[in-house]
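Trainee: Provided herewith is a single structure, encoded as structure tokens, for subsequent inquiry.
The values are calculated or read from the model by the stated rules, or taken from the named source; none is laboratory data. These numbers come from a predicted model, not from an experiment. A quick note on method: Cβ atoms are made from the backbone with ideal geometry, for glycine too, and the neighbour counts reach across all protein chains shown.
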Amino acid sequence: MLKTSRFFDLLRIPGFKPLAAATLMLGVAMSFTAPYLSLFGVERAGMTPFRLGVFMTLIAASGVLASTLAGRWTDKSGQHRPLLLAALVAAALGYVCLCVVRDYRLLLLVGIVFIGAGGSAISMVFAFSRAALPVPDPGERVFASATLRTILSAAWVFGPSVGALVLAATSFYGLFLFAAASFATCAFIVWRMREPQGHLGDHTVEDTASEPSASITVPPLTAPGEDAHEDLPGVASANDIGRAVAALTLLGLAANATMIVLPLYIVHGLNGSHLDVSVMLGLGALMEIPMMLALGAKSSALHKPNWLAACAAVHAVYFVGMSLAGNVNVLIPMQMLNAFVVAVTSCLGMTYVQDLMPHSPGRATALFFNAARVGSILSGVLSGLLVQAFSYRGTFLFCGLLALCALVLFAVPGYRYPLMWRAVKRFARELYAKLQAKRRQRVTARGE
């Protein structure tokens, strides 16, 4: 059971309350726009599925570039606030532009310059919180990060539903204006905060090494806790990092394809309503909250690769169920599976990548979010092509295949891949030899 006193301890941390408020407003802005951006492209801008995919892809690519450059700059300069403010202002301007722009080429420009760059605010606000909060205890620092992520999810409990009501009353014009105001409010809160200078939250090598999960990255300067269950090699190799990021990218690809396709599937495939979209997303966000709090409190005692592998397996089951659903009512309870996936990847995925890169918290945080964003780059065009070629159900089955690939990357240790590759080649050679032998037998039989 989680102790209530831990939450009150977080409130006493200097800077936590304004960070929580900024995170909440950022979550409100995102939850108002993300579920309905694809509907806007189809219903108001007249985009085809392929054009919509290109639009979403360019937005994601812009976000990846912006967050990567921001992560490198903040790691060198130690300053997070200026770029975070710039990203929030860019997002606000972008959604104001969407209120009036309908030309496809101008929409692409707005998406690249403003909306995509503004999307990097998500990774920057978490990097800012990791540096800004003066928390010497590693466990409490992880719990604080998980709590902020939970606040972000809490906005998704009511955000899509309220967004659906705003959309029904004021159309996309009012929806995007409200989102722009939320981004502006978040920027005002961050502007009122001070840039941290040399806090323990900067996550130095010394305090990183004292975390139980840090045993996978650097030789610990202090012994890890008895409840730690990380049994990976003592030093994380580039292959370990690459494999983890590749798996998170595949999960991000599947998740972002769902965010694009699901509203269209509900409204145009199953004859649902905008309110059905909001109920589905709101229920999933509601279920994420207790899961995130529990995972955040126990993250240092959990074996992150195993949990991430289980998350990928659940994601595959979710997509198969989505493809077989006959009506909207069947889809609603299935959002509990998606909530588990979001909770695990958000709480354990981010800290896992940060543990793998203890010397570069800014780049590690940006890398985690960019794994999802790189997935969204591919999911934009890919989902458009898949919907046109195989309909919505075929798209979900393809996403399930991606989740299975992520499961293999998380579950199979790196040293086994050469063995697996040799086994596959040996199997292919044997199969080819058998086919050739049967072919020769048939040729011989015909000759006789």
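Trainee: Do we find that Gly296 is in the same structural domain as Ala61 (by TED's automatic domain parsing), farther than 22 Å from Thr147 by Cβ and at pLDDT below 85 in this structure?
Mentor: When the stated conditions are applied, Gly296 does not pass them.
Trainee: Which number in (1) without any contact (Cβ under 8 Å) to a residue 60 or more places away in the chain; (2) closer than 21 Å to Ser123 by Cβ; (3) in a loop (DSSP other than H, G, I, E, B) marks the one condition that Gly326 misses?
Mentor: (2)
Trainee: Checking the conditions here, which among Trp191, Trp156 is of a type in the set (Phe, Trp, Tyr) and modelled with pLDDT of 85 or more?
Mentor: Details: Trp156 fails: modelled with pLDDT of 85 or more.
The conditions single out Trp191.
Trainee: Restricting the range 133-142 to residues that are surrounded by fewer than 24 Cβ atoms within 10 Å (Cβ to Cβ) and assigned to a helix (DSSP H, G or I), which is modelled with the lowest pLDDT?
Mentor: Checking each candidate, the answer is Pro138.
Yes/no per residue for (1) within 20 Å of the chain's Cα centre (by Cα); (2) at pLDDT 85 or above; (3) outside the structural domain of Pro82 (by TED's automatic domain parsing):
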site: Leu2; (1), (2), (3): no, no, yes
site: Asp9; (1), (2), (3): no, no, yes
site: Gly41; (1), (2), (3): no, yes, no
site: Gly46; (1), (2), (3): no, yes, no
site: Phe55; (1), (2), (3): yes, yes, no
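Yes/no matrix, rows are residues, columns are (1) more than 30 Å from Gly111 (Cβ to Cβ); (2) touching a residue at least 24 places away in the same chain (Cβ under 8 Å); (3) not in a helix (DSSP H, G or I):
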residue: Leu295; (1), (2), (3): yes, yes, no
residue: Val341; (1), (2), (3): no, yes, no
residue: Pro358; (1), (2), (3): yes, yes, yes
residue: Ala371; (1), (2), (3): no, yes, no
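Trainee: To continue, here is another question. Could you check, for the range 302-311, whether at least one of its residues is more than 23 Å from Val412 (Cβ to Cβ) and touching a residue at least 24 places away in the same chain (Cβ under 8 Å)? Before the answer, list the steps.
Mentor: Looking only at the range 302-311, we keep the residues that are more than 23 Å from Val412 (Cβ to Cβ), and these are none.
No, that holds for no residue.
Trainee: Listed residues Leu367, Leu409; which is at pLDDT 80 or above, of a type in the set (A, V, I, L, M) and in a helix (DSSP H, G or I)? Give the derivation first.
Mentor: Working: Leu367 fails: at pLDDT 80 or above.
Result: Leu409 is the single residue among Leu367, Leu409 that is at pLDDT 80 or above, of a type in the set (A, V, I, L, M) and in a helix (DSSP H, G or I).
Trainee: Another question, then. If I filter the range 306-314 for residues that are at pLDDT below 75, within 25 Å of Thr57 (Cα to Cα) and surrounded by 24 or more Cβ atoms within 10 Å (Cβ to Cβ), do I get at least one hit?
Mentor: No.
Trainee: Quick one: which of Ser391, Ser346 is touching a helix residue (DSSP H, G or I) at 6+ places or on another chain (Cβ under 7 Å) and assigned to a helix (DSSP H, G or I)? Reasoning before the result, please.
Mentor: Details: Ser391 fails: touching a helix residue (DSSP H, G or I) at 6+ places or on another chain (Cβ under 7 Å).
Selected residue: Ser346, the only one of Ser391, Ser346 that is touching a helix residue (DSSP H, G or I) at 6+ places or on another chain (Cβ under 7 Å) and assigned to a helix (DSSP H, G or I).
Trainee: Next up: Could you list all residues from the range 81-113 that are more than 13 Å from Phe55 (Cβ to Cβ) and in contact with a Cys (Cβ under 8 Å, 6 or more places away or on another chain)?
Mentor: Passing the criteria: only Leu88.
Trainee: Ok, one more. Filter the range 394-441 down to the residues that are hydroxyl-bearing (Ser, Thr, Tyr) and without any contact (Cβ under 8 Å) to a residue 40 or more places away in the chain, then identify the one that is farthest from Gly321 (Cα to Cα).
Mentor: It comes out as Tyr432.
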